[in-house]
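Participant: Following this message is one structure expressed as structure tokens.
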Amino acid sequence: MGSLSRKAVWGAAVALWMMVPAASAAAPDRHGKVDRLLQEASSGSPRSVIIRVRPEAKERVGKRLPRRGRGPVFHKFISAASAQLDGREIAELASDPDILSISTDADVTSSASGSKSGSATVANTTTSPDGSSSTTLGPETWPISVVQKSLGLEKWFTGSSLTVAVIDSGLDSSIDFSSRIVGFYDFVAGKGGVATVPFDEYGHGTHVAGLIGASGASSNGKYAGVAPGIKMLGLRVLDKKGSGNTSEVISALEFVLANKDRFNIRVVNLSLGHPIYESAATDPLVQAVEAVARAGIVVVVAAGNNGTNPTTGQTGYAGIASPGNAPSAITVGAAVTAGTDVRSDDRVATFSSRGPSWYDGIVKPDVVAPGFALVSNEVGGSTLATTYPSLIVQEGTSKYLRLNGSSMATALVSGLVAVMIEANNYGAYQRWQAVQETLRKNQRTEYPGVPGLTANALKAMLQYSATPLRNDEGVPFDALTQGSGEVNGLGALALAYFADTTQAAGHYWMTTNWPPTTQFGGVDEPWSQTIVWGTRQMHGSSLLDLNQIAWAETIVWGTGELDNIVWGTSMSWDDNIVWGTSLFFGNAVSGENIVWGTSLSWDDNIVWGTGLIGTLDGDNIVWGTMADDVDNIVWGTVSDDNIVWGPLRTR
């Protein structure tokens, strides 16, 4: 993989990391409101924190917060505030019944890694009244781009009718993005979203944006993105070193919520995150993602790159980063293609983070996508380009970067989601148009528009049509490694196109029976026909025949009474995903009090507690921590003997 740094990798092979300071006399969390990192930190100098508060008490609590640095800064969409507090102030606030949680304003850092292994012409298009287009940018002589081909896509949809918000290190205004950048706002160092000309001192955001939607103008289409006509909103939260803060990411997400209609934002790409320090229910970044999802915007998040122990090479689980643990996000792991058109030699990348999530045991990732040795736009003079010149790829007179990571995989899925949304809109328009042609002229009406696909429906389509991957021995990767499998662009696009969103929940909405296979390199690859809902897998040929209550924006993925959801006539539950039907209960830690599932479990010395993963040290439980002298997820103490690595095994 060509690691660039000994720090935990995340993003472009790429990792987000926060060093945990040595524990000292921090005040105990008697009220269960303070995240783990703050509990372990020194109680001396002030620390940057995010305080979630009951909405009705925001004004009162705000008056209590000290005026230090740039704080406090209020985040109204999640009823929270960013501030600097010392240990005594944290303890005092924790005792306030109106305080819901106090979290570290965690560092978000991206370290890149790579692999050594003119303006565009617009073709003739057919455009529906909502702006969706049935062709791609560029002359017909241009080939299908490298990333489009890896997903099984042709030159059909461009994403030109919608906008993706790229929350990252910035965006370079190159020929490949031309006039499609609808806005650029800087949140770094507390700027709060200052409008400015697009720029990217680090280079990661531009690479990600190129995979989503570069036009291919600088490479004659070779390195066009998945959605080469999509509009882009650049929200800068990482500085020239690839560093930022959680509060700045939250501010960017709030900007998305406040301006979603102004910019027609339908997709958010988050190729960043931080280690999980608390439950998803209190994690402020997760809550911000959930707020965006409830507003009808699809949030695509990188799983992380903490899949293997860098010293031993052993596989490790529970490396998912925040906000990849957000139930409503589409969390993406990375796959490795062997440079062939077939998928039989595709594998899940060893560096790709596996589930479940810390504290909650949420099954992630949802899917995987190509994320190894992907070539995309380079920013001349950026930190990545100048620090790692060996990653630069020359194509004619233009330069690109070759990077690995779940960041890259996430970008491909963001682009795919965009063209799925457009395909659904276009399919609806064509069906309406066909009906209009059967009517007399005086009976015809204006196109009324239709409800769009929700984030849950899009995730279900991605999972259902995905290609299940196998390891070198032909054994399928488990759901905590690949979700439902590697995204299948053609299959997902077909499901989106044929879904009639005007049908009520519980009614048939697929207007065509599309065969559940897709050809890659001339080989038919079966779809997974699987959806991971909560902690269970659903299998069946009819899972997507009906519009579902489960797809509603008001439903958090994996929740709800399953008996009230009509899944179809040909499906089955599979209790073998990991834990059966229950994750945590009471203070149970071992023996018969743990429901391990019917056939698959963790190694014997991993236990579940009251919402935290730990290891058994004799009769004592050693709860997971993040160590400051190793480059991996640590379960237990900093002693290597207490780090639990290794694959899942059957009992």
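The values are calculated or read from the model by the stated rules, or taken from the named source; none is laboratory data. What you see is a predicted model; the values in this text were computed from it and never measured. Note: ideal-geometry Cβ built from the backbone for every residue, glycine included; neighbour counts use all protein chains shown. Please note that ligands, DNA and RNA were not included when accessible areas were found on the heavy atoms of the full protein model with its side chains. Shrake-Rupley method; radii C 1.70, N 1.55, O 1.52, S 1.80 Å.
Participant: If you check every pair at least six apart or on different chains, which have Cβ atoms under 9 Å apart with a residue in segment 308-328 that is closer than 14 Å to ALA349 by Cβ and buried (at least 23 other Cβ atoms within 10 Å of the Cβ) first and a residue that is of a type in the set (A, V, I, L, M, F, W, C) and at pLDDT 80 or above second?
Facilitator: Matching pairs, first to second residue: GLY319/ALA303.
Participant: For the list (1) among the charged types (D, E, K, R); (2) modelled with pLDDT of 80 or more; (3) within 31 Å of the chain's Cα centre (by Cα), I need the number of the one condition that GLU40 fails.
Facilitator: (2)
Participant: Looking at GLY313, GLY339, GLY324, GLY319, can you tell me which residue is assigned to a loop (DSSP other than H, G, I, E, B) and under 13 Å from the mean Cα position of the chain (by Cα)?
Facilitator: GLY324
Participant: Does LEU543 qualify as being not charged (D, E, K, R) and not in a helix (DSSP H, G or I)?
Facilitator: Considered against the rule, which asks whether it is not charged (D, E, K, R) and not in a helix (DSSP H, G or I), LEU543 comes out as yes.
Participant: Could you list all residues from segment 337-362 that are out of contact with any helix residue (DSSP H, G or I) (no Cβ under 7 Å at 6 or more places or on another chain), among the small types (Gly, Ala, Ser) and either open to solvent by 30 Å² or more (accessible area, probe 1.4 Å) or more than 15 Å from ASN325 (Cβ to Cβ) (or both)?
Facilitator: Within segment 337-362, ALA338, GLY339, SER344, ALA349 meet the criteria.
Participant: While we're here: Suppose the filter is in a helix (DSSP H, G or I) and farther than 23 Å from GLU553 by Cβ; does ASN442 pass it?
Facilitator: yes
Participant: Condition test on PHE187, is it of a type in the set (Phe, Trp, Tyr), within 24 Å of ILE421 (Cα to Cα) and buried (at least 21 other Cβ atoms within 10 Å of the Cβ)?
Facilitator: So PHE187 does not fit the description; no.
Participant: Looking only at segment 30-89, which residues are closer than 21 Å to GLY244 by Cβ, open to solvent by less than 40 Å² (accessible area, probe 1.4 Å) and among the polar types (S, T, N, Q)?
Facilitator: Selection gives SER82 alone.
Participant: Out of the residues in segment 66-120 meeting the condition of being closer than 30 Å to PRO143 by Cβ and in contact with a Leu (Cβ under 6 Å, 6 or more places away or on another chain), tell me which one is modelled with the highest pLDDT.
Facilitator: The extreme case among them is SER113.
Participant: Are any residues in segment 456-499 open to solvent by 10 Å² or more (accessible area, probe 1.4 Å), part of a loop (DSSP other than H, G, I, E, B) and modelled with pLDDT of 95 or more, and if so, which ones?
Facilitator: PRO468
Participant: List pairs: first in segment 238-249 and of a type in the set (A, V, I, L, M), second assigned to a helix (DSSP H, G or I) and open to solvent by 10 Å² or more (accessible area, probe 1.4 Å), Cβ under 9 Å, 6+ apart or cross-chain?
Facilitator: LEU238/VAL188; LEU238/GLU248
Participant: Follow-up. Among the listed residues ARG444, ARG440, identify the single one that is in contact with a helix residue (DSSP H, G or I) (Cβ under 9 Å, 6 or more places away or on another chain) and either buried (at least 21 other Cβ atoms within 10 Å of the Cβ) or more than 25 Å from ARG354 (Cα to Cα) (or both).
Facilitator: ARG444
Participant: For segment 367-402, enumerate the residues that are open to solvent by less than 30 Å² (accessible area, probe 1.4 Å) and under 30 Å from ASN456 (Cβ atoms).
Facilitator: Those that are open to solvent by less than 30 Å² (accessible area, probe 1.4 Å) and under 30 Å from ASN456 (Cβ atoms): VAL367, VAL368, ALA369, PRO370, GLY371, LEU374, SER376.
Participant: Moving to a separate point now. What do you reckon, is SER251 in contact with a Ser or Thr (Cβ under 7 Å, 6 or more places away or on another chain), of a type in the set (Ser, Thr, Tyr), outside any loop (DSSP other than H, G, I, E, B) and open to solvent by 10 Å² or more (accessible area, probe 1.4 Å)?
Facilitator: no
Participant: Mind checking which residues of segment 82-104 are in contact with a Pro (Cβ under 6 Å, 6 or more places away or on another chain) and small (Gly, Ala, Ser)?
Facilitator: ALA83, SER103
Participant: For residues in segment 274-303 being part of a loop (DSSP other than H, G, I, E, B) and within 22 Å of VAL487 (Cα to Cα), which is nearest to the chain's Cα centre (by Cα)?
Facilitator: Among those residues, the one meeting the criterion is ALA303.
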